Structure formats: C-alpha cells, structure tokens
1. On the first, second and third principal axes, largest extent first, how far apart are the outermost C-alpha atoms of the range 458-503 in Å?
2. Once the Cα atoms of helix 181-197 and of the chain are each reduced to a long axis, what angle between those two axes, in degrees from 0 to 90 to the nearest 10, is obtained?
3. Applying 1/(1 + (r/R0)^6) with R0 = 25 Å to the Cβ-Cβ distance of R192 and L216, what FRET efficiency is obtained, to the nearest 0.05?
4. Projected area of the range 1-160, taken from the Cα convex hull and averaged over every viewing direction, in nm²?
5. Check Q163: other-chain or 5+ apart residues with amide H under 5 Å from its amide H, H built from backbone geometry?
6. Rank by packing, highest mean first: peptides 376-385, 44-53, 94-103, 298-307, with packing defined as the count of other Cβ atoms within 10 Å averaged across residues.
7. Using only C-alpha positions, report the orientation-averaged shadow area of the convex hull of the range 309-421, nm², one decimal.
8. Can you tell me the relative contact order of the range 165-311? Whole percent, Cα pairs under 8 Å, sequence separation 6 or more.
Amino acid sequence: MYDAANTPDWWKGAVIYQIYPRSYQDTTGNGVGDLPGITERLEHIADLGADAVWISPFVRSPMLDFGYDVADFETVDPLFGTLEDFRALLDKAHGLGLRVIMDQVLSHTSDQHDWFLESREGRTNPKADWYVWADAKADGTPPTNWLSVFGGSSWQWEPRRGQYYLHNFLREMPDLNYHCPAVQEAVLDTCRFWLDMGVDGFRLDVCTFYAHDPKLRDNPPNPDIPDGEAFRFNPYSQQLHVHDIGQPETIAFLERLRGLCDSYGDRALLGELHESNAVRIHREYTAMKRLQLAYGYWLLGAHDITPPMLRRIVTDLGNSEDSGWPCWALDNHDFPRAISRLDAEDRPEAVTIILVALFCLRGATCLYQGSELGLPQADLPHESIIDPYGREFWPAYKGRDGARTPMPWEKDRPNAGFSEAKPWLPIPPEHLELAVDCQAKLPGSTFNRIRHFLNWRRQIPALRAGRMEFIETSADILAFRRTLENDTVICAFNFSAAEKAMRLPGADTQEILEGHGFGAVQKGGEFHLPPFGALFARKATA
C-alpha cells in the first residue's frame, strides 16, 4: 500500500484535512475546541484516508480574528493548551502516519505583539521599521487610497508616533514590513522554532500580502469588478490591488523560506493566494524553489462547478511535468460550505463526485472538517454572529461563522459530543442527523463513501503522482488519464443526475477497476457511468 508518510514529495497528491481547532473537539469544558481534542480525534482522520492535517492558528492571540491576529508566534494560546499538548499531538499524528501542517500568519501580527508595542513608541527604537509606517498627506488623510479587506481604509493613525500604520485586515492587525531585513530574519527564526519541533510544513496565510510597494503609490480603480455576493458588499473589490500586495519582494522572501524548509528535508509549503490574476500568481508562486503547493479561490466561491470549468482551470494553471502543483479546495473556514453554495442539500452525491474528482486531479486537495459529512452551511441569526467580517457587512454578508460551527460527532450526546458546555457557536439541528456516529453506520453515507474511496485511492500511486492528460468527452463528464511509470489509469466522472455513456478508443483492452464505490460498467464498446458516478480503468493484463 502507498505510504504517504514515508514517500519523498509526500505532498504530491496528498489529501490534507483542515482542522479549525475552535470547532473540532473540546476537552476542557469551556465550549471551545483545543489541541488535546484534536489529538483525541486523530484516528478519525487517519481512518478517513487523509495524509496530513492542516491546523488553523493556535498560537497566543487576543482572538479578535480567532487566531489570525498573532500576539506571540512561539507560544500556544492557553485557550488551546500548551506546547506540551502540541508535542503530544505531533507524536500521535506521526505515529498514525499523518503529516502535520501548521498555519503560519506571517503578513501581520496583533497590535498586542511585543514587536508592535515597541515599534509604535517612536521613530528611533530598534523595531521602529518593523511595521509599515507612513506620514499623513498634507491634509492629514492617509498616505494612499489602499483599502482593508475588512472594510475602510487600510491605514490607522497612531498618535504616539504621529504616523499611520498599514493594516490589510482589522486595524488591530498591523502589517509587518518585509522591506526590513530584521523582520525577515525574525520570521524565519519563528518558522525554525516549529520546524525544530517537528512540524511537516506550513500553510501560509495570505502569502501574497507580505510586501507592499515602498513608493506608496495609489491602487488604480478596477474596471471589471467580479460578479457574486463576495464582491458586491465590499468596496475592496473596486480597486486593482497592484501596489498594496503582490510585490516581487514577497517572492524573494518565499525563496528564503523554502530554502529553510528544504534544509530540514521533506517539509512542504502550502500558500494561500488571492483572487486577482490567479493564473499568473499561481505560476509565479509555485515555480521552482518557491511554494510546493498553492490554492486560490478558483472553486471556493463558485456556485456552479462543471467539467468544462474544471478542465479550463487545470489547463490555465498548468498540468505539465514542470508546472507547479495546485491544491484543490472546495470548502474552508472562510467560505460558505459547498453543499449549500452549490444548492445540493437534497443531493449531496452531486458534491461528493466533485470531491472525488478533485482527489484524482494532478495536485493535492484540502478537505475541510465536516466536508466528509456533507455538512450544509449553518444559517445563524445576527445575535449569534461573532465574526468581525460578518458583523461589519451584515446583512449583505453574513460572515464566516456558518462554516465554522462545531463538528457533530455523536447525535445523542450533549452538543453532539463536541463539548459538555455551551459551544462557542451553536450547532444547527440539521447537523445532528449527519453526525459521524450516524453516518458510520450507513454504508452509502457521504462519510463512508469518501472514507472508502480515499483508502482505495491510496493503493494506486498514479492517482497521486502521475502525469495527467485530458480525454475528450461530453460536457457532463470530466475524463483524464494519470500515468506513473508504466501504469496508466483512466478516470471519468459524471457530474449529472442521469446515466451517461462514453466511448474510448481501445475500450475492449481496458479493465474496469473495482472497489472504489462509484459503479461504472462496460457494455460492449461503451462505458456507462451512473448518475454522479465514476469510472476507473487500466489496461487489462493477460
């Protein structure tokens, strides 16, 4: 069986299970998940057939943005446990054959971080240049027209220095200055701390935001504002972000970070990229000696996903042997859950087949907690919303809390087995019937189908690391070959609710692979794919 934990380039084709620690498992009775809770549930992830876990931030933070506002890069927040708890998690994960990827938020800190507290005190102290400071314009207004993702200007006045500082998100999250060599060294030291502890890589939050234009030029207007809810409510999309983010100095720093990781062996970097110029950014950031993997918002905001759309995205990003590797993501903690977004609450198999196709494309895949259960988006009332992004733009945008509600483990236990106390976010009643213990008993449940498939897939290395070639077929079917050495596997996925037939040259020499649970059959010279079904075949052996 393919052993990802001990394979060079283990990240190629890896299934990376994302954990939002606040919502995974509470062991202390405070209604918030923690590191010991993750450790307690690691068998669930290993049994599912995942290769790695990505854990969202758990270091010390005021929690204004739930961990993405870091006050100390090298200390576990007491809400989640201790460094010893994390070491225990690492040891158990590695014992189960799981890699551990840590979320690193390196573009900014909390305004409670010691670095910022020193920097804001004056213009001559040792950390005066560690953040992005600038004088006001002659009329007292901010230095540029740059906007914060979370609303309003991205500049905040600081009276101690008599200057503005840059914040691309909340005003309590000031941006680090990557044009300062001492900042780069301090950030690399932080990463070295966790690499020494044994983490297998980093997910780099908003890694295109690291460096800014030192000339502080205004962003131009966006002549082509994207469609969709995610872009209507926020004026951020009305600019082309060519000066506040995406600068060449970021690439140079990522090369340094990659060199550090490479010095530890097979550690991996997974970067989060932004929406605009997605293809160019992906190609630049995943070039040699930069990021091994990167994901963009190609599918995360989509309300319809079709075979032609996926084929176009794969082709644009590049799928040749010298192309960078994408990381596919259908759900995560920042976007509405796919089951609801794709209007599939009454037919979860329509989303399951998309996930299965993503597992087989060239690239890795992030599987967000609860996606293996087919959880819909939680529809929370305004009084339950605590996400600052949602509270800022309510009611046009309801925020991210609906994708962050606690995992339902056991239907009949208090709070679905997540906590003995009132959870930090409510668990919607419709999630109870989809709890892990309920689905584990049903052979055809979303959970069992995904678990069965991922464990079957582990036996076929071509589906993880093989080169890829598309096959021409009808618009409802996504079909391609994956080839590793002398093994070629044909994959075809029916995205429709009707049975579909497809012809392949040399079909009579192909042997249908079984055991994956998606049920195609061969009739004469045709392969017949059931509704939301799949075909896997390889050349028959004598």
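The values are calculated or read from the model by the stated rules, or taken from the named source; none is laboratory data. This is a predicted model, so every value here is computed, not measured. Cβ atoms come from the backbone with ideal geometry, glycine included; neighbour counts cover every protein chain shown. We work out accessible area using only protein heavy atoms, side chains counted, and drop any ligands, DNA or RNA first. Shrake-Rupley method; radii C 1.70, N 1.55, O 1.52, S 1.80 Å.
1. 34, 21, 13
2. 40 degrees
3. So, using R0 = 25 Å, E works out to roughly 0.20.
4. Taking the Cα atoms of the range 1-160, their convex hull projects to 12.8 nm² on average.
5. E158
6. On the way: 376-385: 15.4, 44-53: 21.2, 94-103: 19.7, 298-307: 17.9.
Taking the mean over residues of other Cβ atoms within 10 Å, the ranking is 44-53, 94-103, 298-307, 376-385.
7. Projected over every direction and averaged, the Cα hull of the range 309-421 covers 9.3 nm².
8. This gives 23 percent for the range 165-311.
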